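Enquirer: Structure below; questions to follow.
The values are calculated or read from the model by the stated rules, or taken from the named source; none is laboratory data. Everything quoted here is computed from the prediction, not taken from an experiment. Cβ placement follows ideal geometry from the backbone for every residue including glycine, while neighbour counts extend to all protein chains displayed.
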Amino acid sequence: MNIDEQNIIQGLKKGKEKSLKTLYDRFFPALCSYAYKYVKDEMIAGDIVQEVYIKIWYKRKNFDSIYSIRSYFYLSVRNSCLNYIRDNSRHVKVDLDEEIISKEENFVVEEEVHRMIRQEIDNLPDAMRRVFNLTLMDMSVAEIAEALHVSVSTVKNQRMRAREILREKLKDWVFLFFI
Amino acid sequence: MNNSQLNIADLIFSYIRGNISEEEKELLDKWRKSSPENENLFKNLCSKESFTTKLETYKVFLAQSRYQNIQKHIKRQKVRTIYRYSSIAAALVLPLMVFYFFFSSPDELSERIAEVEQLAPGKPSAILHTAEGGEITLEAKDFEIKDKTGAKIVNKGNSLVYNKDSVSDDAAKERYNKVEVPRGGEYQLVLSDGTRVWLNSESSIKYPVVFKGDKRIVKVAGEAYFDVAHNKERPFIVVAGHTKVQVLGTEFNVRAYRDEDFIATTLVEGSVRAWYKEGTAETLKPSQQYMYDIKENKHIVKNVDIELYTSWRMGLFVFQKQKLEDILNTISRWYDVEFFFENNDVRNIEFTGRLKRYESARNLLKILEEMEDVKFRIKGKVVFVK
């Protein structure tokens, strides 16, 4: 656990709402994506994860590391999803079927790896991050320059620097070499 | 199950990072080989497509803006400490209201309410303070006057134009004019060097009738947008509060309202240097903003979406995830009305949108009501919010 993560834990224990916001920025979309795999409904997924955050806040004194929070996040979301499916088995479109039971083991692996990659990208300075994300979406340099109201050379510059930083941090993310 | 899955995720991430150890690699390989699903997942996680697809999914969920709700639940815990402040606020408000009702007859009251009910938007109306100390109202009435230096000052439509071609007296001292725009107003100027200035509500600018000397200096309070005439020999400097912005020939926005505790300079085009008192000067690039925090006594430079900070000039309100409180502050200045919160929870609701500024406040408020869970009740120049 690095200093950054230590600060979040400490802040949480002290009741600093800002720490919860940081956890929201980092984990919320990934957890929703995870919940969605179970409940197959975007709003329900959001509801479930929202409740888990509130639960985390009330239990904030119990977490001593970012790993225990992460564990609790995924466990709690899964439990709520299973409860939801059980309670709504009559009118929900999809219930706890074979597909989920056999594949759910890897749901967490998939979500967590993507989440950690995204976090690495989110650590980039604003301008670089924006340019990089738009590049991922296959936008051309000219299109990106237009969208962000900056010059083409700025885009090229930011892209190059983002690539350099990410190559250091995510060495074996093969596709980086194709961007 | 949970922890072993998280361990695998960490192994894969270490691999992607490029700092996986020998033992870890063995564990990872074992997992990959144990089923074709695992191997497929691993290959997927190393690809661009699955990540970009995931980013799209993330966007969808982030758009739900759930943090507000989470915050609401959390703040309920802290309710006890807020009581003290609420009771003070209530005590202050009451006497004013009582006064209003006691000293106006019911007929007068309904008349007054009816006439202001429309909440018409600000008309361009400003006041020009001349160098001699005179005051001229700049209604939408055209006029032409000559300053003592011979400079011609033309008021047309809602803009004031200075022309130095006819300057006869090249006297040593600079003579200053000041334009003040009240709440509910807006005005434009063209200074003697050709620099164009747009003034927002509750703002003022003090400037020389004709620029002399090696620097062009103007003083601003409130909010102003500049399109500075290019002149390499004479840098243009804007003084706002204790911050100064120096430009060569560019477009930028300065915001320094007395009731806000920050001063912000946003650069649209060109290049400027901004600094506070004797602090470090920062050079801004287009789309960058220099923000000085008066309370904390420090400044930051950040990249921004310029539309959010300069759209007022084009007659638009553009806001992105802005708190209702702040939005109503701006509306209050432009329409010269007061907002009173009957429900404190709604202060922090965030809005994102682009609205036309010249529509009457009533329409604007109706649109806001459509966007989020908030209700406005208009009573004369006061609007109750809940």
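Enquirer: Just to be sure I understand, how many residues within segment A:58-80 are free of Cβ contacts under 8 Å to residues at least 40 places away in the same chain and not charged (D, E, K, R)?
Expert: 8
Enquirer: In segment B:1-29, which residues are more than 9 Å from chain A (Cβ to nearest Cβ) and farther than 25 Å from A:Leu75 by Cα?
Expert: Start the filter on segment B:1-29 by keeping residues that are more than 9 Å from chain A (Cβ to nearest Cβ), which leaves B:7, B:11, B:14, B:21-29.
Within segment B:1-29, B:Ser21, B:Glu22, B:Glu23, B:Lys25, B:Glu26, B:Asp29 meet the criteria.
Enquirer: Among (1) in contact with a Lys or Arg (Cβ under 7 Å, 6 or more places away or on another chain); (2) at pLDDT 90 or above, where does B:Arg183 come up short?
Expert: If we test B:Arg183 against (1) in contact with a Lys or Arg (Cβ under 7 Å, 6 or more places away or on another chain); (2) at pLDDT 90 or above, just (2) comes out false.
Enquirer: When you look at A:Arg115, is it crowded, with 16+ Cβ neighbours inside 10 Å and within 25 Å of A:Phe28 (Cα to Cα), yes or no? It would help to see each step written out before you state the result.
Expert: Values: crowded, with 16+ Cβ neighbours inside 10 Å: yes; within 25 Å of A:Phe28 (Cα to Cα): yes.
When the stated conditions are applied, A:Arg115 passes them.
Enquirer: Scan B:Val239, B:Val245, B:Val272, B:Val337 and give me the residue that is of a type in the set (A, V, I, L, M) and closer than 30 Å to B:Asn69 by Cα. Can you show your working first?
Expert: Numbers: B:Val239 fails: closer than 30 Å to B:Asn69 by Cα; B:Val245 fails: closer than 30 Å to B:Asn69 by Cα; B:Val272 fails: closer than 30 Å to B:Asn69 by Cα.
Exactly one of B:Val239, B:Val245, B:Val272, B:Val337 is of a type in the set (A, V, I, L, M) and closer than 30 Å to B:Asn69 by Cα, namely B:Val337.
Enquirer: Something else about it: Hey, could you check segment A:136-154 for residues that are assigned to a helix (DSSP H, G or I) and at the interface with chain B (Cβ under 10 Å from one of its Cβ atoms) and say which is modelled with the lowest pLDDT? Step through it out loud before you land on a result.
Expert: Initial filter on segment A:136-154 (assigned to a helix (DSSP H, G or I)): A:136, A:141-148, A:152-154.
If we keep only those that are at the interface with chain B (Cβ under 10 Å from one of its Cβ atoms) too, we end up with A:136, A:148, A:154.
Values: A:Leu136: 81, A:Leu148: 84, A:Thr154: 92.
Selected residue: A:Leu136.
Enquirer: Residues that are within 27 Å of B:Ile263 (Cβ to Cβ) and either polar (S, T, N, Q) or touching an Asp or Glu at 6+ places or on another chain (Cβ under 7 Å) (or both): does segment B:357-378 have at least one?
Expert: Scanning segment B:357-378 turns up no residue that is within 27 Å of B:Ile263 (Cβ to Cβ) and either polar (S, T, N, Q) or touching an Asp or Glu at 6+ places or on another chain (Cβ under 7 Å) (or both).
Enquirer: If you don't mind, another one. Regarding A:Glu104, is this residue at pLDDT 85 or above, crowded, with 19+ Cβ neighbours inside 10 Å, under 18 Å from B:Phe42 (Cβ atoms) and of a type outside the set (A, V, I, L, M)? Show your work before the answer.
Expert: Values: at pLDDT 85 or above: yes; crowded, with 19+ Cβ neighbours inside 10 Å: no; under 18 Å from B:Phe42 (Cβ atoms): yes; of a type outside the set (A, V, I, L, M): yes.
No; evaluated as a whole, the condition is false for this residue.
Enquirer: Which one of these is hydrophobic (A, V, I, L, M, F, W, C) and buried (at least 17 other Cβ atoms within 10 Å of the Cβ): B:Phe319, B:Phe384, B:Phe340? Full working, then the answer.
Expert: Numbers: B:Phe384 fails: buried (at least 17 other Cβ atoms within 10 Å of the Cβ); B:Phe340 fails: buried (at least 17 other Cβ atoms within 10 Å of the Cβ).
Matching residue, one of B:Phe319, B:Phe384, B:Phe340: B:Phe319.
Enquirer: Between A:Asp95, A:Asp64, which is outside any helix (DSSP H, G or I) and modelled with pLDDT of 90 or more? Lay out the reasoning, then the answer.
Expert: Numbers: A:Asp95 fails: modelled with pLDDT of 90 or more.
When all the criteria are applied, what remains is A:Asp64.
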